[in-house]
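Here is the structure we will look at, set down as structure tokens.
FYI, it's all coordinate maths here, none of it is from the lab. All values derive from a computational prediction rather than experimental measurement. Cβ placement follows ideal geometry from the backbone for every residue including glycine, while neighbour counts extend to all protein chains displayed.
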Amino acid sequence: MRILICDDNEAIVRQLQGYIREFFGTLGGKLPELGVYDSGEALLARETRADMAFLDVEMPGVSGIHIGAKLKERNPYIKIFIVTAYPDYLDEAMRFQVFRYLSKPIDKNRLFRNLKDAISQYGLETREYPIVTQGGIVVRRAEEIVCVEARQRKVLVFTTEDVLQSVENMEHWRELLTAPCFFVTHRSFIVNMRFVSAVEKDAILLKHGEQERIAYLTRRKYSEFKNAFLLFMEGVK
């Protein structure tokens with residue numbers, strides 16, 4: 001795992017480095033690679049791949065908001081922490097799905113809780129699922145699967161790239177898609193809550209880019225789905 005820190009405050013940088021090493025040390029295994037920068041320009045010029053980033057908002061030159069947006073373009077699954085003493089930037093930061101907003105001075109216990117959540121979510125989002133078709137096996141990440149639908153004795157897996165006909169039945173997919181982002185809304189549908197655009201009593205609108213799809217929602221599952229969806233949305237803020 002590669003983690004970036006960008007802050008022109010040396011004391012904060014040292015604190016973050018120490019806390020991050022301490023946290024991963026408690027997990028055992030290999031410590032993450034740390035890339036440390038005091039300017040956004042230097043970071044963007046040298047870094048192309050990262051799994052997590054801690055970014056200060058107010059620095060000379062490029063702001064942490066701009067850096068975060070660029071990193072998100074290069075690494076769609078990156079978990080970005082905005083670290084600042086100025087809460088005025090919260091709305092702007094949330095536009096590109098900041099994982100957490102940390103206030104200075106950094107609270108160690110809160111940071112550790114958020115690191116645990118970030119690792120868990122990153123693992124779920126980057127998990128790969130094999131889709132066995134008549135033509136072979138196609139691998140897609142959890143974040144690339146929009147929904148699974150049983151239709152006229154066929155099981156179709158709708159992804160962000162294509163539609164694949166699975167040779168496996170719906171029971172297989174209900175057992176396989178156990179990540180918190182997936183929900184069985186109907187005997188014929190499993191949806192990825194990341195793509196939910198609207199919820200009605202008996203239907204869910206899924207949207208990806210210009211593509212829209214309707215999934216059935218069993219009425220008796222409406223309350224359960226609504227609660228699960230709200231919890232999911234709270235978790236990705």
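Using r as the Cβ-Cβ distance of Y216 and E168, and R0 as 30 Å, what FRET efficiency do you calculate, to the nearest 0.05?
Rounded to the nearest 0.05, the efficiency is 0.90.
Per DSSP H run of at least 4 residues, take -39500 (n - 2.57); add these up for the chain, divide by its residues and hand me the 222 nm value, nearest 500 deg cm²/dmol.
Details: 7 runs with 81 residues, N = 237.
So the helix-based figure for the chain works out to -10500 deg cm²/dmol.
Kirkwood-based Rg over Rh for region 1-132 (C-alpha set), two decimals? Walk me through the intermediate numbers first.
On the way: Rg = 14.4 Å, Rh = 15.0 Å.
We get a ratio of 0.96 for region 1-132.
From the cross-link list K79/K226; K30/K116; K79/K221; K154/K207; K70/K108, which pairs have alpha carbons spaced over 20 Å apart?
K79/K226; K79/K221; K154/K207; K70/K108
Kirkwood hydrodynamic radius (Cα pairs, Å) of region 141-223?
Evaluated over region 141-223, this radius sits at 12.7 Å.
Run the dipole for the chain about the Cα centre, Lys and Arg Cβ at +1, Asp and Glu Cβ at -1, nothing else charged, and hand back the magnitude in debye, nearest 20.
900
Relative contact order for the chain using alpha-carbon pairs under 8 Å, separation at least 6, rounded to a whole percent?
11
Average projected area of the Cα convex hull of the chain, in nm²?
The Cα convex hull of the chain, projected and averaged over all directions, gives 14.8 nm².
Once you keep just the Cα pairs under 8 angstrom separated by 6 or more residues, what percentage relative contact order results for region 56-186?
On the way: 145 pairs, mean separation 17.7, N = 131.
Contact order relative to length: 14 percent.
Applying a 10 Å radius around every beta-carbon, put 177-189, 127-139 in order of their mean neighbour count, most first.
177-189, 127-139
If you take every DSSP beta bridge fully contained in the chain, what fraction is antiparallel? Give it as a percent rounded to 5.
If I count the DSSP bridges inside the chain, around 65 percent turn out antiparallel.
Out of all DSSP beta bridges with both ends in region 43-172, state the antiparallel percent to the nearest 5.
65
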